[in-house]
Structures are given as C-alpha cells and as structure tokens.
Amino acid sequence: MANSECRWQCPEQWSEWSEWLAAGLHARSRWRLPVLLIGMLFAGGRRTVTTWLRAAGVSDDFQAYYYSLAALGRKTNSVATRLTLLVLQTLPLPDRLQLVLDDSPTKRYGPKVEGADVHHNPTPGPADQPFLYGHVWVTISLALRHPQWGPLALPLRAMLYVRQKTLASIPTERRWQRFATKLQLAARLVEWLAPILERAGKTVWVVIDGGYTKRPFLRRVLKITKVVVVGRLRKDAALRDLPPKLKRGQRRGRGRPRTYGKNKLSLAKRAGQRRGWQTVDCQVYGQPATKTCKTFLATYGPAGGVIRVVLVKERHGWYAFFCTDPQQSVISILEAFADRATIEQDFHDVKEVWGAGQQQVRNIWTNLAVYNLNLWMHTLIELWAWRRPREQLCDRSDSPWDNAERRPSHANRRKALRQHILGTELSTITAAWQLPQKIVQLAKSLMALAG
C-alpha cells in the first residue's frame, strides 16, 4: 500500500490554511495539497516534484501525485480565489489596495515541454543571451507595506502565455484555451481579482509598467468600477490637451461633446521647459526621497479620457508616469509606482528560494500547477511571518559581516518556519522520552544546519 501520509506535524494555523485552500479541489485529491505544500517547504537541492515527494515522505505514491497536479492546474482559479480570501481575513489591510502586474520567464529544457517556446530574455546576464527557451508567466500580486519591513508583495495567481504558433503543438486532449496575448491575460487577472476586493469594500489600484500601457489592457480594466490605473508612459506617448470648455452663455453644437483636445502635447518639450518644476517628499522603495517633478492634465486615447501626467527628473534623464484618476496627488502616484518593484522581488524569490522553473514537467496543466504552487507558498510564508518579530525570523549572530538591522529576507522567513516545525517535532520526542542532553544538543545543531 502506498505511503500517503506526510511525515511532518505542521502548526495548527498552517494546517488550517492548507485545508482551506484544498477545499477548492475535488474531494478525491484535495487531501494531497497540504502534503505537497509541506514537501515543498522541506525540499532541498534541485526543487523538482520528486524532491517535494521525498521531503513529504510520500514518494511511493508518486504517480497519483503527478496526476493530482494536472487536476490542480485546471483549478488554479478556485484555489487562488480562496487564497485571496485568506489574505483578506488574515491581514489588517488598508482601504486602498494596489495590484501589480508583470510577466517573467522560466527556462525549460527538452523539446516535449508543452507550451514552451523561444521568448525574449529580459535579463541576458553576462552571456548576453537575447532569447531563452521556456515559459512566460503573467503574474498578479498584492502590494502591501509591512509595518516593520516596508514594501512587499503577495503573489496570488499566474497565467501562462503561449505563443500562437505554439498552440498547434499542444495535444487536443489537454483542452487548452484559445490564444491570448499578454495584455489579454493581464486584463483577465484584473477582471478576476478586482471584483473580489471591491466586494470586500476596498478601492483597487492597478500598477503597471510601460509594456502594459496599451489600449487592449487599459480599456478592459477601466470598465471595472472604482479601478484606478497607475503606470509609466512612453516618452513619445500620443497625448492631447483637454477639450475646450464652453464659455458662459455659449451653446454646445450638435453631436457628442469632445473627449480629447485638438492640440498634441509633447512630453519631451514639457520636460525640456525650465518652468513648472517642483520638489516633493515621498517614500520610494521604502526610503524617504525628494523628487523633482512636474504635473499636468492631458487626454490619452488608450485610457479613454483625462489622465494626470507626472514628469520626474532624475540625474540620468526624465521619466513620465500617469494616473487615470486626475484628482490624485503627485506623491500618491510616485509612491504607487515605486511599489511596483515588489513584484520583481517576488520573481527573484520564487525562482531562487522556491526553484520555480526547476520542476521539469511536460504536461501543460502540470506546469501551470507547479508555478502557481510556488507563488502560493511564497504568500503563505509571508502570511505566517507577518506578525512575528525579527528575533523569531532570523538570527545573524553567526554572521558579524552582515547588517544585523537588515529586514529578514523571504529565505529567512522560510527557514524560520522549517525550524519551528523541527523544533515542535523535537519537543514532542523529548516530552515522551528521556533523551541524554548530548543527543538533544546534537539534534538542535542538526536542525540549525537543516533549516
């Protein structure tokens, strides 16, 4: 008979969260999700699915777990929704929530990996490789500010971008969806998540980079009520001035009133003018900063009307940002866009700490499941560590060269949970058996190394 029970005793809170997420799956396989999560926590070396199963102690039942991963890939919407509700219930969230969007690739190997193809490499590295073979994931995260550690983001869900020419290589029995661009996938993620947050009484801001400041994304997202979009503008963006206002006593002509002005605006000319610049104090990347900026109102076709434009002067040039709510202040816009960098840290942690992309599975639904599992583990670890003091999350006493005041990294938080579970196991054993002190001390030393 296959070994189907996890060898680790998890904290009660963690077990409740795991079971809550698993409730979104079919009853035949939902009990396997908590086992997979704890296996991911203790997996070492190359983070393949088999190392997850070995760490959980269920490697004898590997085939059933692989099948359950494919089923999980079809239910990522349900599990991600339950994770969002868990975040809303667990954390003290502000009235205004910021969603950040971006895409990131993961390298893959082998010709039979479904959905994989050649994509642009955003980080060429020393080898200067402009392209890579693998998957591209459009991801949405909830950007928050921790009271002690500053800005961070909780990844909630990712969708796989498959090139149109690659669809033909996916077997028809997979029943994969039709082709969708990155902009369409990003809009679907916002259309899924924003209504959940709005029903919870929250105002939603969506923060994007310049690659998503385009009509197919903006027009779909702005149809959602109360959604405000903040992003970066191209330096050659096609802006126009405001439509003319009717003078007192003047009658409007036939037809609908104008939405856009008659005159084009040049961001380069506005940035080159010496007048109109001002300095503001704001929090950027968790640090106080003073920015030199200029702001004005304009109309923008992809946004469908009036936007607030903010020009920021830096030592190496100038940048343009926008907000679809013209009533917002410059400080709010700059701080919101600065928090977009938290999703870049998510991509780093998910790949370096959790090994996203190392699970060399072939089935496209299994690929979708394992990447989202890495995202969900990241968020669950952050939830577990949110209210814990620094002393419980990291100990840098054995690293005098390191900055002791530096905030605990995500790897520190993951290690803290592992050591907490190992410590609970040791306490259970010592409570039932009288062990020599040397054995207990040796076990603690091994726990510190294993963490």
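Which residue, 20, 56, 97, has the largest displacement toward the positive end of the dipole of the chain when charges sit on each Cβ (Lys, Arg +1; Asp, Glu -1)? Selected residue: 97.
From the C-alpha coordinates alone, can you work out the Kirkwood hydrodynamic radius of the stretch 141-253, in Å? One decimal place: 17.6 Å for the Kirkwood radius. 3J(HN,Hα) along the stretch 382-390, derived from phi through the Karplus expression 6.51 cos²θ - 1.76 cosθ + 1.60 where θ = phi - 60°, amounts to 5, 5, 5, 8, 4, 9, 8, x, 4 Hz, with x in place of Gly and Pro. With the alpha-carbon atoms of the stretch 113-190 aligned to their principal axes, the span from lowest to highest coordinate is 49, 35, 20 Å, starting with the largest.
For the stretch 190-330, what does the alpha-carbon gyration tensor say about shape, rounded, prolate or oblate, given a ≥ b ≥ c as the root eigenvalues, a/c under 1.5 as rounded, and a/b over b/c as prolate?
oblate
For the stretch 56-159, a/c is not less than 1.5, where a ≥ b ≥ c are the root eigenvalues of the C-alpha gyration tensor, and a/b does not top b/c. That puts it in the oblate class. Overall, the chain carries a charge dipole of about 3040 debye about its Cα centre when +1 sits on the Cβ of Lys and Arg and -1 on the Cβ of Asp and Glu, all other atoms neutral. Largest accessible area first, the residues 293, 394 order themselves as 394, 293 under a 1.4 Å probe with ligands, DNA and RNA left out.
The packing ranking, built from the mean of other Cβ atoms within 10 Å per residue, places the peptides 126-135, 365-374 in the order 365-374, 126-135, highest first.
For the stretch 284-387, the square roots of the Cα gyration tensor eigenvalues, ordered a ≥ b ≥ c, give a/c of at least 1.5 with a/b greater than b/c, which places it in the prolate category.
Packing here is the average count of other Cβ atoms within 10 Å per residue, and on that basis the peptides 380-389, 350-359, highest first, run 350-359, 380-389.
Shape descriptor for the stretch 347-389: Rg over Rh equals 1.08 (Cα atoms; Rh from the Kirkwood inverse mean 1/r). Over the stretch 313-362, the alpha carbon radius of gyration divided by the compact-protein estimate 2.2 N^0.38 Å works out to 1.75.
Taking the inverse of the mean reciprocal distance over all distinct Cα pairs, the Kirkwood hydrodynamic radius of the stretch 363-426 comes to 13.5 Å. The stretch 1-114 has equivalent-ellipsoid semi-axes of 26, 20, 14 Å, by the square roots of 5 times the alpha carbon gyration tensor eigenvalues, sorted largest first. Over 21 Å apart at the Cα level, from the set 107/165; 202/351; 112/165; 269/313, are 202/351. Rounded to the nearest 20 debye, the dipole size of the stretch 1-112 about its Cα centre is 520 debye, using +1 on the Cβ of Lys and Arg and -1 on the Cβ of Asp and Glu. Which value, in nm² and rounded to one decimal, describes the direction-averaged projected area of the C-alpha convex hull of the chain? So the mean shadow area of the Cα hull is 28.3 nm². Sorted on the mean count of surrounding Cβ atoms within 10 Å across their residues, most packed first, peptides 340-349, 266-275 read 340-349, 266-275.
The values are calculated or read from the model by the stated rules, or taken from the named source; none is laboratory data. Note that the structure is a prediction, hence the values are computed from the model and not measured. Cβ sites come from the backbone with ideal geometry, for glycine too, and all protein chains shown count toward neighbours. Accessible surface areas use protein heavy atoms only, side chains included; no ligands, DNA or RNA. Shrake-Rupley method; radii C 1.70, N 1.55, O 1.52, S 1.80 Å.
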